[in-house]
Every structure is written in C-alpha cells, then in structure tokens.
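The values are calculated or read from the model by the stated rules, or taken from the named source; none is laboratory data. Keep in mind it's a predicted model, so treat the numbers as computed, not measured. All Cβ positions, even for glycine, are placed from backbone atoms using ideal geometry, and neighbour counts span all protein chains on display. For the accessible areas, the whole protein counts, side chains as well, though only heavy atoms, and no ligand, DNA or RNA atoms are used. Shrake-Rupley method; radii C 1.70, N 1.55, O 1.52, S 1.80 Å.
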Amino acid sequence: MSAHDRGPITQKPISEIAEYIKNLIPANIPENYAIKPRFESIAKEEIIRKGVVAFRDFLYLFCHRLISDGHLFVKPQKNPKSQMDYPFLHSITDLLADIGYYGKLSEDGQTLLVTELPSYTSSIDGKGNKKNPKNSSSMLLECLRFLTLCGFAFNGVDLEAKKVNISGIGLLEVSYPNDPVLLVGLKVMAIADVELRRKRYINDNNHDNLLCCDYRLIKEEDSDVLDVLRDFLHPLPEEVQKLALELHQRYIDMGMTCAVIKSVLDIHFAYADIKNSRKVLSTKDIYQKRAWEFSFTMRFGYCLVIKAKKVDKYSDVIKEFPSHLQQLIARGYGCDRKLRNEPCQCGCHGFRIPLDNSILNIGSSIETWLDNEIKK
C-alpha cells in the first residue's frame with residue numbers, strides 16, 4: 001500500500017510517544033522466578049532479578065526525560081515513512097543493545113567495558129563490500145548525551161566534541177552510579193533481546209523488547225497469558241480492567257485460544273476458535289483466524305476489536321443493543337478506501353471500540369454480541 005493510499009502520515013510529538021512506551025513497560029515484575037541457564041554466567045539469579053527491576057526503573061526515567069527534554073533531541077521528519085519513524089529513538093535503543101550485549105562487566109560490577117559498537121561501525125559483507133554503519137557518529141553523541149540525562153556516565157569519549165571517531169574510542173567505560181546493578185539488568189535484557197526474542201521477519205533488527213523491558217524472555221517457564229494480559233491492562237481504570245479480564249476468562253472457558261502478538265511497539269491479544277484445527281497453528285496463524293482481540297497501538301490506543309462476520313444471522317439480537325452500537329455495526333467494516341473512499345484507517349481489522357470508561361455501559365451487549373458471533 002502506498003503512502004497515498006494510507007493518507008498523510010502525521011507524527012506525534014516525542015512526548016506522546018514516550019507516554020505510549022511507558023504503558024508498555026511492565027508495572028509488576030515478580031520477586032521470584034527461575035531464570036534460563038543462558039544467563040547463569042552473568043550473575044546470581046537474585047542479582048539478575050534486581051538488575052532487571054533497576055533497568056525497568058531506568059526505562060521509566062528514560063520516558064520521563066523524553067517527555068521533558070525529548071524535543072531537544074528529536075527533530076520532526078520532513079517525510080516520515082511511518083508513524084514510528086523516529087531515528088533518534090531507534091538509534092538510542094541500538095546503543096543500549098550494543099552496550100549491554102557487547103559490554104563486559106568489570107569484576108566489581110560497577111562498569112560495563114565496551115570495545116565495540118557494531119550499530120555505529122562500518123562492516124564488510126560476505127562479498128567483501130563495505131557496509132555503512134546503521135547509525136551515524138553524530139547520532140551516537142546525541143544518544144550518549146541523552147543517556148547522561150538519564151543517569152548514565154561514560155568514560156572514554158568526549159561528549160562535548162562535535163563528532164566522534166568510533167574506531168578511536170578504544171575502550172568505553174559505562175557506569176550507572178545511582179544504581180550499578182542496572183548494568184546487570186541491561187546486559188541480561190540485551191542478550192534476551194538479541195538472542196531470544198521472536199523476530200517478525202528475517203531482518204528485524206529493532207529492539208522493542210529491550211525498550212519495553214520484556215523480562216519474560218529470561219524466565220525459565222513460559223508466562224501465563226492471563227498474567228501478561230493483566231500487565232497489559234494495568235494503565236486502564238479498574239472497572240475496565242475487570243470487564244476485559246471477565247471477557248478473556250469467559251471465552252477461554254468456552255474453548256477459545258488467546259495468542260499474544262507483538263509488532264513494532266504494538267501488542268495484540270487475539271482470540272480464535274481453533275478447537276477443530278487439524279494442524280498445529282503458529283501464533284501468526286491464530287491471529288489471522290481471530291474473531292476478536294484486545295489491542296494497544298500508537299494510532300488507536302487501547303481498543304477491543306471485533307472481526308464479526310455473521311451479523312446478518314442475529315440481526316434480531318442487534319436490535320436490542322444501544323443505538324450507537326447498532327449504528328457502528330450498521331456502518332460495517334472493511335477497506336476504508338473501497339467502502340467509503342477514505343484514507344486507510346485499518347478498517348479491515350474489524351469493529352474498533354475504545355477500551356475506556358465508555359465501554360462499561362455496553363459491556364453486556366458486547367458479551368451478547370460475541371456469544372452470538374462465536375456460537376452461530
């Protein structure tokens with residue numbers, strides 16, 4: 001789909017992006033959980049768990065700094081490729097990943113010793129051709145300066161310089177004086193992001209899991225979907241959380257399967273009836289068969305999305321719904337360009353209902369709607 005088909009791309013201020021990212025950071029990290037053997041050489045499990053919490057707390061500070069000072073570092077794109085086209089944000093997560101993954105913890109655990117930053121260094125491909133670095137040296141300086149605002153300290157580079165020679169750095173000593181155990185958390189989370197995350201496509205080199213502190217990647221046991229959903233819902237009003245959890249449990253009890261899908265700073269809880277499937281379905285397969293979902297995206301925020309296909313079979317039931325819900329259903333869903341000659345608003349995803357207090361008045365109608373859609 002071309003940019004013209006999508007309509008003009010309007011980017012939000014970096015402060016709003018930061019508020020969005022903050023909601024993706026887990027509010028509740030358990031005190032005790034077994035950690036995968038991959039990390040046993042880094043530190044003791046207790047230290048790793050403390051380090052992950054410290055890294056989570058840093059990310060909150062990171063977001064607050066983006067809210068207050070991000071406009072000084074993030075310049076609007078003249079021709080943005082997408083709503084998430086923020087080079088500074090991608091570059092700084094590349095830097096955190098490089099520091100954590102390639103840095104070596106000093107014996108006293110007070111610093112990470114870094115001798116390479118591949119995301120900022122040119123390389124040679126398999127054919128012997130030189131490849132330009134993913135990020136520029138000027139961007140590196142900007143990112144280092146911003147991280148100092150968030151509590152990091154860097155020894156081995158002049159942050160006042162106009163540019164930096166990456167190959168001339170030699171050794172970069174990275175510390176976090178206010179809470180040094182964060183360095184353990186950064187290293188563990190960077191390894192998890194690089195080695196253990198599920199890539200969406202072969203050349204997916206974004207570090208969304210690192211930026212959102214997806215600590216579940218380092219857990220020995222798989223996380224329960226209900227636990228992940230609770231974390232997803234935590235910024236919402238309590239009554240809205242309660243309604244969402246009740247819907248989840250109702251349709252799980254009815255035999256539906258919930259698959260969690262994460263894309264570029266999006267998250268989806270997709271519900272599908274696959275009881276009669278003759279083959280093992282991937283998470284992506286389940287998502288494509290979804291009847292409804294909870295989602296959180298930059299464009300639409302928190303929503304319940306219903307991909308109804310049988311409304312004509314229970315039109316008498318729909319007549320009992322509140323008028324605005326009847327109007328939503330009567331409007332239909334599908335390709336916005338084909339249906340209404342409008343720019344793409346992801347109408348093909350289904351009927352989109354905001355997950356806020358307004359949903360409380362139609363909770364019973366939604367339940368009835370889903371019951372009829374699934375049973376028919």
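Helix-only mean residue ellipticity at 222 nm, the chain, DSSP H runs n ≥ 4 weighted -39,500 (n - 2.57), per residue, nearest 500. What is it? Don't jump to the answer; show the numbers that get you there.
Working: 14 runs with 149 residues, N = 376.
Taking each H run of at least 4 residues, the total per residue is -12000 deg cm²/dmol.
Taking the Cβ-Cβ separation of residue 33 and residue 61 as r and a Förster radius of 25 Å, what is the calculated FRET efficiency to the nearest 0.05?
Result of the calculation: an efficiency of 0.55.
Using +1 at the C-beta of Lys and Arg and -1 at the C-beta of Asp and Glu, which of 357, 315, 245 has the Cα lying farthest in the positive direction of the dipole of region 225-374?
Most positive-ward Cα: 315.
Quick one: if you stick a label point 7 Å off each Cα along the C-beta vector at residue 242 and residue 160, how many nm between them?
Roughly 5.9 nm, to one decimal.
Would you please put 358-365, 122-129 in order of how densely packed they are, using the mean number of other Cβ atoms within 10 angstrom per residue and starting with the highest?
The densest-packed peptide leads the list: 358-365, 122-129.
Could you work out what % of the accessible surface of the chain is carbon and sulfur, using a 1.4 angstrom probe and leaving DNA, RNA and ligands out of the count?
49
Say R0 is 56 Å: what FRET efficiency, to the nearest 0.05, do residue 44 and residue 368 get from their beta-carbon distance?
On the way: r = 52 Å, r/R0 = 0.94.
Step by step, r from the Cβ atoms, then E = 0.60.
According to the square roots a ≥ b ≥ c of the eigenvalues of the Cα gyration tensor, what is the shape class of region 225-374, taking rounded for a/c under 1.5, prolate for a/b larger than b/c otherwise, and oblate for the remainder?
Rounded shape, in that the Cα axes give a/c under 1.5.
Which value, in Å², gives the accessible area per residue of the chain when a 1.4 Å probe is used on the protein heavy atoms?
52
From the cross-link list 75/130; 12/262; 219/262, which pairs have alpha carbons spaced over 23 Å apart?
From 75/130; 12/262; 219/262, over 23 Å: 75/130.
When a/c reaches 1.5 or more, the comparison of a/b and b/c decides; with that in mind, is region 35-165 rounded, prolate or oblate per its Cα gyration tensor?
Numbers: a/c = 1.66, a/b = 1.24, b/c = 1.33.
Oblate.
Determine Rg/Rh for region 122-232; Rg is computed over alpha-carbon atoms and Rh is the Kirkwood hydrodynamic estimate from the same atoms. Working shown, then result.
On the way: Rg = 17.5 Å, Rh = 17.0 Å.
Dividing the radius of gyration by the Kirkwood radius yields 1.03.
In a solvent-free Debye calculation with one equal scatterer on each Cα, what is log10 I(q)/I(0) for region 1-90 at q = 0.12, 0.13, 0.19, 0.25 Å⁻¹, listed in the order of the q values?
Result of the Debye calculation: -0.56, -0.62, -0.90, -1.20.
Considering the zone a paramagnetic label at residue 75 would reach in this model (a point 7 Å from Cα along the Cα-to-Cβ line), which residues of region 153-177 have amide N under 15 Å from it?
Taking a point 7 Å out along Cα→Cβ of residue 75, the residues of region 153-177 whose backbone N falls under 15 Å are 163.
Under a 1.4 angstrom probe, counting protein chains only, how are 107, 238, 246 ranked by accessible area, largest first? Please report the intermediate quantities before stating the final value.
Details: 107 200, 238 150, 246 100 Å².
Result of the area sort, largest leading: 107, 238, 246.
Under a Cβ-Cβ cut-off of 12 Å, what is the net charge of the residues other than residue 134 that fall near it, where Lys and Arg count +1 and Asp and Glu count -1?
So the environment of residue 134 carries a net charge of -1.
Sort 301-308, 37-44, 250-257 by packing, meaning the average of other beta carbons within 10 Å per residue, with the highest value first.
Order by mean packing, descending: 301-308, 250-257, 37-44.
When the chain is modelled as a GNM with alpha-carbon springs shorter than 10 Å, which of 173, 142, 239 fluctuates the most?
Per the Cα network of the chain with a 10 Å cutoff, 239 tops the list.
Taking every pair of distinct Cα atoms and averaging 1/r, then inverting, what Kirkwood hydrodynamic radius in Å comes out for the chain? Please list the in-between numbers first.
Values: mean 1/r = 0.0435 Å⁻¹.
After inverting the pairwise mean of 1/r, the radius is 23.0 Å.
Using unit Cβ charges (K, R positive; D, E negative) and no other charged atoms, how large, in debye to the nearest 20, is the dipole of the chain about its Cα centre?
Working: 51 positive and 49 negative charges, 353 e Å.
In total the dipole reaches around 1700 debye.
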